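Beneath this line is the structure, given in structure tokens, with notes to follow.
The values are calculated or read from the model by the stated rules, or taken from the named source; none is laboratory data. Note that this is a predicted model, so its numbers are computed, not measured. Ideal geometry is used to build each Cβ from the backbone, glycine not excepted, and the neighbour counts take in all protein chains shown. Each accessible area value is taken on the protein alone, full model and side chains, heavy atoms only, with ligands, DNA and RNA left out. Shrake-Rupley method; radii C 1.70, N 1.55, O 1.52, S 1.80 Å.
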Amino acid sequence: MTTIFSVCALAMLCAALYAAIRRTSPEYALGLSAACCALVLLSAVKLLGPVLSFLRELQSLSGLNAALMAPVLKTVAIGFLTQISGAFCQDAGEQALAKSVELTGVFLAAYTALPLAGQVLELLQKLMGG
């Protein structure tokens, strides 16, 4: 709970500073925004450890192949990076570039999930006796 309070406080402080300097120094404002995002993400990284540990335990208990978990994790990472990159483009006033990044993220996520979809298709074929 303290993590979210810290993140929210940092985000509000950065947003206020961003608004104050955006008109006079847009390049500094964008740099400030990037630095604040990095700090927020660093505070969230410590939360990834338990999640990854749980996923490894789930994988070992269920007998799932590690190759099935990798596309899921990669797709989640693509989603996060796409959202952050798109937001930076929007902050810089580049709406079309932001939408292009988001669309590319969607295509890349679908491409990354192809091995998983192939495994599901193979499982369905086995279940149907084919």
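Under 6 Å between Cβ atoms, which residue pairs at least 6 apart in sequence (or on different chains) link something in segment 73-100 that is in contact (Cβ under 8 Å) with a residue 60 or more places away in the chain with a partner that is aliphatic (A, V, I, L, M) and open to solvent by 50 Å² or more (accessible area, probe 1.4 Å)?
Pairs that qualify, where the first residue is in contact (Cβ under 8 Å) with a residue 60 or more places away in the chain and the partner is aliphatic (A, V, I, L, M) and open to solvent by 50 Å² or more (accessible area, probe 1.4 Å), are Ala92/Leu30.
Sort out which residues of segment 86-112 are open to solvent by less than 70 Å² (accessible area, probe 1.4 Å), within 26 Å of Ala70 (Cα to Cα) and over 15 Å from the mean Cα position of the chain (by Cα), and write them in order of number.
Matches in segment 86-112: Ser100 only.
Do we find that Lys46 is touching a helix residue (DSSP H, G or I) at 6+ places or on another chain (Cβ under 7 Å), basic (Lys, Arg) and either open to solvent by 40 Å² or more (accessible area, probe 1.4 Å) or in a helix (DSSP H, G or I) (or both) in this structure? Step through it out loud before you land on a result.
Details: touching a helix residue (DSSP H, G or I) at 6+ places or on another chain (Cβ under 7 Å): no; basic (Lys, Arg): yes; either open to solvent by 40 Å² or more (accessible area, probe 1.4 Å) or in a helix (DSSP H, G or I) (or both): yes.
No.
Cβ contacts < 6 Å: first residue farther than 15 Å from Ala87 by Cα, restricted to segment 21-32; second residue of a type outside the set (Lys, Arg) and open to solvent by less than 70 Å² (accessible area, probe 1.4 Å), any location; separation 6+ or different chain. Result?
From segment 21-32, the pairs are Ile21/Ala29; Arg22/Ala29; Tyr28/Ile21.
Scan segment 57-79 and tell me whether some residue there is farther than 21 Å from Val120 by Cα, among the polar types (S, T, N, Q) and open to solvent by less than 80 Å² (accessible area, probe 1.4 Å).
No, segment 57-79 contains no residue that is farther than 21 Å from Val120 by Cα, among the polar types (S, T, N, Q) and open to solvent by less than 80 Å² (accessible area, probe 1.4 Å).
Say whether the condition of being farther than 21 Å from Tyr18 by Cα and modelled with pLDDT of 90 or more is met by at least one residue in segment 41-49. Before the answer, list the steps.
At the first step, the residues of segment 41-49 found to be farther than 21 Å from Tyr18 by Cα are 44-49.
So of that shortlist, the ones also modelled with pLDDT of 90 or more come out as none.
Within segment 41-49, none of the residues are farther than 21 Å from Tyr18 by Cα and modelled with pLDDT of 90 or more.
Within segment 88-125, which residues are of a type in the set (S, T, N, Q) and closer than 19 Å to Ile78 by Cα?
So the first thing to find is which residues in segment 88-125 are of a type in the set (S, T, N, Q), and the list is 90, 95, 100, 104, 112, 119, 125.
The answer is Gln90, Ser100, Thr104, Thr112.
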